[in-house]
1. For the condition closer than 23 Å to residue 48 by Cα, over 19 Å from the mean Cα position of the chain (by Cα) and modelled with pLDDT of 95 or more, what is the one hit in 142, 120?
2. Filter region 91-114 down to residues that are under 12 Å from the mean Cα position of the chain (by Cα) and outside any loop (DSSP other than H, G, I, E, B) and give me whichever is nearest to residue 176 (Cα to Cα).
3. Any residue in region 103-123 that's closer than 8 Å to residue 170 by Cα: show its pairings with residues that are outside any helix (DSSP H, G or I) at Cβ separation under 6 Å, as long as the two are six or more apart or on different chains.
4. Just checking, how many residues over region 209-231 are in contact (Cβ under 8 Å) with a residue 60 or more places away in the chain and over 15 Å from residue 92 (Cβ atoms)?
5. Can you work out which of the residues in region 193-209 that are surrounded by 15 or more Cβ atoms within 10 Å (Cβ to Cβ) and in contact with a strand residue (DSSP E or B) (Cβ under 7 Å, 6 or more places away or on another chain) is farthest from residue 137 (Cα to Cα)?
6. Being under 19 Å from residue 152 (Cα atoms) and part of a loop (DSSP other than H, G, I, E, B): is that true of residue 33 here?
7. Does residue 123 satisfy the criteria of being in contact with a helix residue (DSSP H, G or I) (Cβ under 8 Å, 6 or more places away or on another chain), surrounded by fewer than 16 Cβ atoms within 10 Å (Cβ to Cβ) and part of a helix (DSSP H, G or I)?
């Protein structure tokens, strides 16, 4: 049975993969950990990408399929590049290789730092409402939005602030120039309504030797929450 490691996005916890893991059936042995700063792994000190890669190495074992959403997708991509002998397949949902332009990356880092300060100032309940109200998540069904909100409340403000400072897009070294070195099958999953990440997925696919883009009809940015069965199908269909 193939081991499958599922990495959640910023403000989520391992519980966000619950429906996906349940729908996978017997082909995969799914493991969905809480990433640093989230859920049971909440901490006040920022975790680095290198620390996350080391964690993936330890949890994944010698041979595993790796999937990640958004922030978890960026970590999964970094891990796949650093662990070529261990990761056999890669599935990215609404993810990017980071910000290539140095000026844009510096500006994003300032924005991320300001947001981390705000999370600590207003607390988890107020921040969870603000985060869920972004245009990025517009169009979600009420039950999906409610479940996502409940999951965000499993976190605490200091943990999320630390995660943003250590693993936000602003502090991430871009991986665009390394995509061509991926020697494993890569599936890039995006929601039909997620125009920004659909464009990023197409740009990534053009650089990755063995990549395909799977568009989930009717879904937005959080396709694994909105259409878990379709995301499961994309994972199962990965060569």
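1. Working: 142 fails: closer than 23 Å to residue 48 by Cα.
Only one candidate passes the filter, namely 120.
2. The selected residue is 92.
3. 105/99; 108/99; 112/168
4. Going through region 209-231 one residue at a time, the tally reaches 5.
5. 208
6. Taking the combined requirement at face value, the residue satisfies it.
7. Details: in contact with a helix residue (DSSP H, G or I) (Cβ under 8 Å, 6 or more places away or on another chain): yes; surrounded by fewer than 16 Cβ atoms within 10 Å (Cβ to Cβ): yes; part of a helix (DSSP H, G or I): yes.
Here the answer is yes, as residue 123 does meet what is asked.
Quick grid of which residues meet (1) touching a residue at least 12 places away in the same chain (Cβ under 8 Å); (2) surrounded by fewer than 16 Cβ atoms within 10 Å (Cβ to Cβ); (3) under 15 Å from the mean Cα position of the chain (by Cα); (4) farther than 17 Å from residue 169 by Cα:
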| residue | (1), (2), (3), (4) |
| --- | --- |
| 5 | yes, no, yes, yes |
| 14 | yes, no, yes, yes |
| 20 | yes, no, yes, yes |
| 24 | yes, no, no, yes |
| 47 | yes, no, no, no |
| 61 | yes, yes, no, yes |
| 68 | yes, no, yes, no |
| 74 | yes, no, yes, no |
| 78 | yes, no, yes, no |
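The values are calculated or read from the model by the stated rules, or taken from the named source; none is laboratory data. Only a predicted model underlies this, so the values are computations on that prediction, with no experimental measurement involved. Cβ: placed from backbone, ideal geometry, glycine included. Neighbour counts: every protein chain shown.
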